[in-house]
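What follows is a single structure, written as structure tokens, with notes after it.
Values quoted throughout were computed directly from the atomic coordinates according to the rules given, and no laboratory measurement underlies them. A quick note: this is a predicted structure, and the numbers were derived from the prediction, not measured. Positions of Cβ are backbone-derived with ideal geometry, glycine not excepted, and every protein chain shown enters the neighbour counts.
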Amino acid sequence: MERIPDDLVIGGAEAAVLADQLLRGGRPFHAHEVLEAAWKSGPAQERDLWQGLAQIAVGLTHARRGNARGAVALLRRGAERVRAHQAGGDYHDEAGSRRAGRPSNPFGMDIASFLAASDDLASSIERDGLDRIPPADLSPTLLAAGP
């Protein structure tokens, strides 16, 4: 796959789908570029979400490249940023009603499962190193399972 354009402007739903495809396909660096584009072009209230997800994708990239320390640091830092985003502020739902906190599955993403996978991977790398990590653990899904 060619590099994601530096000037990519992408909406949240499209970014979530494309990043999920790239992560599942074992291309976390490309997923990072998509998530970074959403972070840079999206609304201010979503930037911490996209930045945290991009950091997790970079952590997965480090893991695939054999950098255990970098992987753990970025997986944890990204998860913390996403959690802080999820906990803070109000938002408006699709009907325009004000809601407390942040949506748990924005743009169809299963944030809780994705963060759990990131946490589990970071802990496994710290405990066992990278050699014993199953390849599937390096390709987490971002989108919630369909009906």
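Before moving on, here are some points about what is shown:
- Pair residue 73, residue 127: separation of 7 Å Cα→Cβ label points (nm): 2.4
- Binning the alpha carbon pair distances of the chain at 10 angstrom intervals from zero yields the distribution 12, 44, 33, 10, 1, expressed in whole percent.
- Residue 120/residue 47 FRET efficiency (R0 22 Å; Cβ-Cβ; nearest 0.05): 0.25
- Coordinate range along principal axes, alpha carbons of segment 29-80, Å, largest first: 34, 22, 8
- Computed packing ranks the peptides 112-123, 50-61 as 50-61, 112-123, most packed first, by mean other Cβ atoms within 10 Å.
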